[in-house]
Structures are given as C-alpha cells and as structure tokens.
1. Does at least one position in the range 266-276 carry a residue that is at pLDDT 85 or above, more than 30 Å from residue 140 (Cβ to Cβ), part of a helix (DSSP H, G or I) and more than 22 Å from the chain's Cα centre (by Cα)?
2. Looking at residue 125, is it among the β-branched types (Val, Ile, Thr), open to solvent by 30 Å² or more (accessible area, probe 1.4 Å) and not in a helix (DSSP H, G or I)?
3. Pick out the one residue from 140, 164 that is in the same structural domain as residue 224 (by the TED database), free of Cβ contacts under 8 Å to residues at least 40 places away in the same chain and touching a Lys or Arg at 6+ places or on another chain (Cβ under 6 Å).
4. For the range 161-183, enumerate the residues that are open to solvent by 30 Å² or more (accessible area, probe 1.4 Å), assigned to a loop (DSSP other than H, G, I, E, B) and more than 16 Å from residue 109 (Cβ to Cβ).
5. From (1) part of a helix (DSSP H, G or I); (2) hydrophobic (A, V, I, L, M, F, W, C); (3) touching a strand residue (DSSP E or B) at 6+ places or on another chain (Cβ under 8 Å), pick out the condition that doesn't hold for residue 195.
6. Please work out which residue is least open to solvent (accessible area, probe 1.4 Å), limiting yourself to the range 294-311 and to residues that are without any contact (Cβ under 8 Å) to a residue 40 or more places away in the chain and in a helix (DSSP H, G or I).
7. Select, from 313, 326, 259, the only residue that is modelled with pLDDT of 90 or more, closer than 26 Å to residue 27 by Cα, in contact with a Cys (Cβ under 8 Å, 6 or more places away or on another chain) and outside the structural domain of residue 33 (by the TED database).
8. What do you reckon, is residue 158 open to solvent by less than 70 Å² (accessible area, probe 1.4 Å), more than 26 Å from residue 262 (Cβ to Cβ) and not assigned by the TED database to the domain that holds residue 55?
Amino acid sequence: TTYTIFHFHFLIFKYNPQAIKTSRDKFTREISFQSKDKDISLAKALLYVAAEDEAFMSFNREMDACSILNERRNVSSPSEAIDWDSLEQMPLGGKTIPEWLSELDAIAKEVEAELVSRDIGCHLVEVLEAVNLVLFESRGLTRSPVLVNSKHSYLHSVLSSRCGSAILLSIIYIEVCRRLGLTIVGSRVGEDFLIWPQTGYPEELFKVTSGHSLFAIVNGRCVEDPRSMASDLTGTSLLGLEIATNRDIIGIALANLIRLHWKRASRSNHGLMLTSPLRHVNDTGEKPNMMDKSNVPLLRPQDLRLAIMASERLLILQPHNWALRRDHGMMLYYNREYGKAVQELSICMAFAPEEEAEILEPFVEKLHLMRLESSWKSLGHTGRLT
C-alpha cells in the first residue's frame, strides 16, 4: 500500500539557548565560594549540570529537526513550539528540577514510614538499615559496573533508571539522609568513594552486628571485598582520611562526566589520550609537521562539547588546577578552537611545574602559529604562513 503524505506535523520542545546560560549561572551561584560549603545542595548543583547538558542536546536535536523539515519543501510542516518561561519549568527526563528535588523528599518520607511501621526508635543502625531497604530494595537502585552510559552519570537519570555510578548513588544517599537530619560524610579510598555517618566514635562503625558492621551497611559489599582498599579500613585509619567537601563531591561527579564524554567522543580513535599530541611535538624523531590540522583526529562533536562543558564547570571549582586546565586546553585543541586552546594552555604554563611547562611550551608555540595561519587564510591568502 502506498501512503501519500499531505501533512507532516512536528512537535518541537523549544529549548531556548538562554536555558544553557541560565543553568550555568545557577550552578555557579550554587557552588559560589561566597557560600558556606555546608549550604551547597549537591542535588541542585547536579540537576543544573543535567539541565545545561540537556538544553544543549535538545537545542541540537531541534536544529536537526528543523533542517529535516526544511528539506521537505513539498510538505506542509507546521511546528508546535513549546517555550519554557524559566529553567524550573523545563522538563528534565519527564520532570522539572523542583519535581526531582521532591522525589528525594519522597524517598526520605518512605524511610520515615518504614521506621514507623517497625515501631522502633531512631537508633543510627536502624535508620541506616531503613535507608538501605528503601533505596536498594524498594527502589531497586543498583551500581553501574562500568562508566559507559551517560544515563548513569546524571542525577535525574539515576533516579529514573535506578542504575548509576558509585558517586551518584553516594550523593543520593547523602541527600536522603540530610532530609532525615543525619549527616553523612565521605572520602575517596582508591577507586571507591566511601560514605559513613558523622560520629565522634568511628570505631563504633566497625563493630559487627547481625553479621555486618555499620560501615558495611552503608557502603555495601566493597567493604568486604579483599580487592578493595576499603576492606583494610579501621576506626583508626578512618580518622586519617580527608573528608570530601560538597565542592569536592561535585568535582568528582564532573570529572566522571569529562572521562565519560571524552571516551564517547574519541570512540573511533581507540586509545587516544588528551596529551598524545604533546608527546609528538616534543619527540625530536618525529616529522616537523606533526601538528598540521589534517592530523587532528576527528571526534564526535556533541560528546566533545559535553566534555568541554563539564571541564568548564570543574575549572570554576578548581581554577588553579594546572592539570585540569591543560586537559581543558587540549580538548579545545581537538575541537579546533586554537585561539581558546592557546589561552588556556598559556595560563596552565603559569601554574604547572617547570618540567611540565617545558613540555607545553613548544606545543603552545606551534598552536599559536596554527591560529595565525587560520587568520591568514580567512583574509583570502593562500599557501602556508612562514
């Protein structure tokens, strides 16, 4: 059967590019160094991150859809645009930011209801057991073993799909307990991020009751896994760990996003590292034209831009982190933004150790020449700039 299309109706969820800027501004205000760290909401900060990335991806989808419609010149294609007056009204995985915050409130109320149903008091062990029951049994949250799916790295997606990275699950745990009036702290231990209730007697966390210690109740099987550094912790060694601030925790989540999106962006260039071009420039045995533009690998533009956006946010938190600024500059280089790359890498050289600055210097010089050549050709000149 042949169908003749007389009318093509397309619904556009119109994401104003302003939503991208608004999300960044709200994120920056939330983690502002003028604010006390304890007042920073992990949930709000990470929902603003998700909103900015979603607005960016949705705007790209909208542009692609409009291009497709414009190509169908013989098709009537009225579009129904839905514009959002504010960031709080913008849908994020089917809910708004206030609704996702309410979802965390609802989880906390489920824990309270569980405690009431048991007709027990608010002893620390019982509260944490109730939190675990609601999060990991009733709600079915599970840890993603490998960081490959972007849904596992955004707070709203984890709450929706119930599968997430270790740091996102820890953040949900911290936020739920905060709503219950219980302070949970955490620290990086090896490849894991461990959390535990704040207490003046850390040795109590390691007393075994009902076959498990309180520390294991909170952190799960990784504490009892001999391959994990967490299995060697005691009440004494726990005191030696550096407690992560809210800004540190947000930074870990952003660093994971950078790694995720870079891995996705460079999928067709297996094993490509951000710093690979630095080795080529400083290898005297290599050909002198190693930095010709044609040698810059082609990467997935959307994933690369998402990695750059995560890096920009992390730099707001850690402006003096020279390694982070170097990686940010290298991503700009891969994105062929040579002017911005020169600027970022030049700043990096001011903070970097002397031996690292010496590696960067010849690369920055050649990058500067590539930028000049681009300007030269944009003026209508031909040939290489010498």
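1. The answer is yes, given that some residue of the range 266-276 is at pLDDT 85 or above, more than 30 Å from residue 140 (Cβ to Cβ), part of a helix (DSSP H, G or I) and more than 22 Å from the chain's Cα centre (by Cα).
2. Numbers: among the β-branched types (Val, Ile, Thr): yes; open to solvent by 30 Å² or more (accessible area, probe 1.4 Å): yes; not in a helix (DSSP H, G or I): no.
Considered against the rule, which asks whether it is among the β-branched types (Val, Ile, Thr), open to solvent by 30 Å² or more (accessible area, probe 1.4 Å) and not in a helix (DSSP H, G or I), residue 125 comes out as no.
3. Numbers: 164 fails: touching a Lys or Arg at 6+ places or on another chain (Cβ under 6 Å).
Answer to the check: 140.
4. Those that are open to solvent by 30 Å² or more (accessible area, probe 1.4 Å), assigned to a loop (DSSP other than H, G, I, E, B) and more than 16 Å from residue 109 (Cβ to Cβ): 162, 183.
5. Of everything listed in (1) part of a helix (DSSP H, G or I); (2) hydrophobic (A, V, I, L, M, F, W, C); (3) touching a strand residue (DSSP E or B) at 6+ places or on another chain (Cβ under 8 Å), residue 195 misses just condition (1).
6. Within the range 294-311, the subset without any contact (Cβ under 8 Å) to a residue 40 or more places away in the chain is 294-295, 297-301, 308.
Still in the running and in a helix (DSSP H, G or I): 294-295, 301, 308.
Working: 294: 96, 295: 85, 301: 96, 308: 0 Å².
Applying the filter and picking the extreme gives 308.
7. Working: 313 fails: in contact with a Cys (Cβ under 8 Å, 6 or more places away or on another chain); 259 fails: in contact with a Cys (Cβ under 8 Å, 6 or more places away or on another chain).
Within the list 313, 326, 259, the selection yields 326.
8. It is false that residue 158 is open to solvent by less than 70 Å² (accessible area, probe 1.4 Å), more than 26 Å from residue 262 (Cβ to Cβ) and not assigned by the TED database to the domain that holds residue 55.
The values are calculated or read from the model by the stated rules, or taken from the named source; none is laboratory data. Keep in mind it's a predicted model, so treat the numbers as computed, not measured. Glycine also receives a Cβ, built like all others from the backbone with ideal geometry; neighbour counts cover every protein chain displayed. These accessible areas exclude ligands, DNA and RNA; they are computed on the full protein's heavy atoms, side chains included. Shrake-Rupley method; radii C 1.70, N 1.55, O 1.52, S 1.80 Å.
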